[in-house]
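The values are calculated or read from the model by the stated rules, or taken from the named source; none is laboratory data. Quick caveat, the model's predicted, so the values are computed rather than measured. We place every Cβ from the backbone using ideal geometry, glycine too, and count neighbours over all the protein chains shown.
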Amino acid sequence: MRIGIAGFGKMGALVRQTALARGHRVPVVIDPHSNAPEVTDVELTSESLPLDVIIDFTSPQAVVNNIERYGELRVSAVIGTTGWYEKMDHVARIIGKSDTGLIWSGNFSLGVNIFFRLIEKTVAIMNGFPDYDVLVQELHHNRKADSTSGTAKMVGDILIAGLDRKKTLVTGLPSRSLEQHEINLSSGRGGFFPGQHRVIFDSEVDTITLDHTARSRLGFAEGAIMAAEWIEGRQGFYNINDLMDSIIGSEKSG
């Protein structure tokens, strides 16, 4: 595959390295803010083509304009950038008109997405045990740009969707007691954590904890490349759940 990369920070550099290691070509690297020798252009243009897929790890401020450009140039995309989800409907319309494919996620790590599925299964059980309260904790390195992280928000959304007794996420450290229908989602920033997420179900008699800890960013890069391989040749607006469903479905049928 001919893969382009938009955003050549730590993740973009690792995605490029991982793509090359998997036998793909990376003829285009876009970044207006980097002087790295691997960067080929400041923006994607028709002269950058042909590309099969572009993988975007840029910024919330740039990503929607980037997606509009991908649509205009008929290039399918993998969007690992977070912080744009309030414009989801707008982006879906762009992709619908462009006859291309886009897959997005707040976290492309396959391990994290297995973690999400485990949370869903656990929530289905815990919905019948109202004596357990639930909270979410996350830790990231001190250069992490957003708080709360996109991954933690996805965890919170799974809990809200599955637990009848919970309706609202409260982020940060509230200066009041929580209501019964609220879930506290707390964030810590410091050190060099690639990412750690914990879901705690707690009762008066015991505690049940689900944890995911990333050891490096490599899992994110490998998931992004797998998403690029999956979206090639597809049309439409997808998220990581569609990719996971295709994997789990193939396992069941095999």
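General remarks:
- Note on the stretch 189-207: residues that are polar (S, T, N, Q), part of a strand (DSSP E or B) and over 21 Å from the mean Cα position of the chain (by Cα) amount to 1.
- Among the candidates Ile225, Ile183, residue that is out of contact with any Leu (no Cβ under 7 Å at 6 or more places or on another chain) and among the β-branched types (Val, Ile, Thr): Ile225
- Ser76 being touching a Ser or Thr at 6+ places or on another chain (Cβ under 7 Å) and surrounded by 13 or more Cβ atoms within 10 Å (Cβ to Cβ): yes
The rows are residues; the columns are (1) surrounded by fewer than 21 Cβ atoms within 10 Å (Cβ to Cβ); (2) farther than 25 Å from Asp89 by Cβ; (3) in contact with a helix residue (DSSP H, G or I) (Cβ under 9 Å, 6 or more places away or on another chain); (4) acidic (Asp, Glu).
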{"position": "Val15", "(1), (2), (3), (4)": "no, yes, yes, no"}
{"position": "Ile30", "(1), (2), (3), (4)": "no, yes, yes, no"}
{"position": "Pro37", "(1), (2), (3), (4)": "yes, yes, no, no"}
{"position": "Glu47", "(1), (2), (3), (4)": "yes, yes, no, yes"}
{"position": "Phe57", "(1), (2), (3), (4)": "no, no, yes, no"}
{"position": "Val64", "(1), (2), (3), (4)": "yes, no, yes, no"}
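- When the stretch 140-157 is filtered for residues that are surrounded by 20 or more Cβ atoms within 10 Å (Cβ to Cβ) and over 13 Å from the mean Cα position of the chain (by Cα), the ones remaining, listed by number, are His140, Gly156.
- For Phe201, the test of being surrounded by 15 or more Cβ atoms within 10 Å (Cβ to Cβ), among the aromatic types (Phe, Trp, Tyr) and either out of contact with any strand residue (DSSP E or B) (no Cβ under 9 Å at 6 or more places or on another chain) or over 12 Å from Ser109 (Cβ atoms) (or both) is passed.
- Residue pairs whose Cβ atoms lie under 9 Å apart, sitting 6 or more positions apart in sequence or on different chains, and linking a residue in the stretch 214-238 that is at positive phi to a partner that is surrounded by 19 or more Cβ atoms within 10 Å (Cβ to Cβ) and part of a helix (DSSP H, G or I), are Gly236/Ile95.
- Odd one out for Lys10 among (1) basic (Lys, Arg); (2) over 30 Å from Phe192 (Cα atoms); (3) in contact (Cβ under 8 Å) with a residue 12 or more places away in the chain: (2)
- Looking only at the stretch 204-231, residues that are modelled with pLDDT of 95 or more, charged (D, E, K, R) and exposed (fewer than 15 other Cβ atoms within 10 Å of the Cβ) come to 3 in all.
- Scanning the stretch 121-139 for residues that are surrounded by 13 or more Cβ atoms within 10 Å (Cβ to Cβ) and not aromatic (Phe, Trp, Tyr) yields a count of 11.
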